[in-house]
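Notes to accompany the following structure.
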Amino acid sequence: MATSADAASQKKVYELRTYHTNEGKLHALQARFREHTHHIFERLGMKVVAYWIPTTAPAANNTLIYIIEHDSEADAKQKWQTFINDPTWKTAYQTSIKDGALVDSIDVVFMQKTDFSPEL
């Protein structure tokens, strides 16, 4: 029997974000996430499920992948708007790109968990 907690869990959305870095910038992007971005996410209530680095070519040298759990796509939009306007983020971003842009492109996919998925 499904509970209200199960129903709430099914309504959550998961945002899969794939960052493709410019040549030689993956380590700098990881440092920015490690030292700044992740802490800002936590402060703003953005729940990261996990971060991944591919181990196979060609993505192994220029890709960071992560998933964020949101209450809804509208919640994600609001939190991202707050994030991009955050003064701490703006400073961290500007500092991190002093030697050139880190990110070439970002792919974003919103997903819903299936009813047969294991618990996260």
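A short reminder: the numbers here are calculations on the coordinates, not readings from a lab. Not measured: the values here are computed from a predicted model. Counting neighbours? That spans all protein chains shown, and the Cβs are built from the backbone with ideal geometry, glycine included.
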Pairs of Cα atoms under 8 Å, at least six residues apart: use those to get the relative contact order of the chain, whole percent. 45
Under 17 Å from the Cα of K98, which lysines turn up, not counting those fewer than eight places away in the same chain? K25, K90
Sorted by average packing, counted as other Cβ atoms within 10 angstrom per residue and highest first, what order do 87-95, 107-115 take? 87-95, 107-115
How many times 2.2 N^0.38 Å is the alpha carbon radius of gyration of the chain? 1.17
FRET efficiency, E73 to D115 (Cβ-Cβ, R0 22 Å, nearest 0.05): 0.65
What lysines sit close enough to K113 to cross-link, taking a C-alpha to C-alpha distance under 30 Å and skipping anything fewer than 8 places away on the same chain? K11, K12, K47, K77, K79
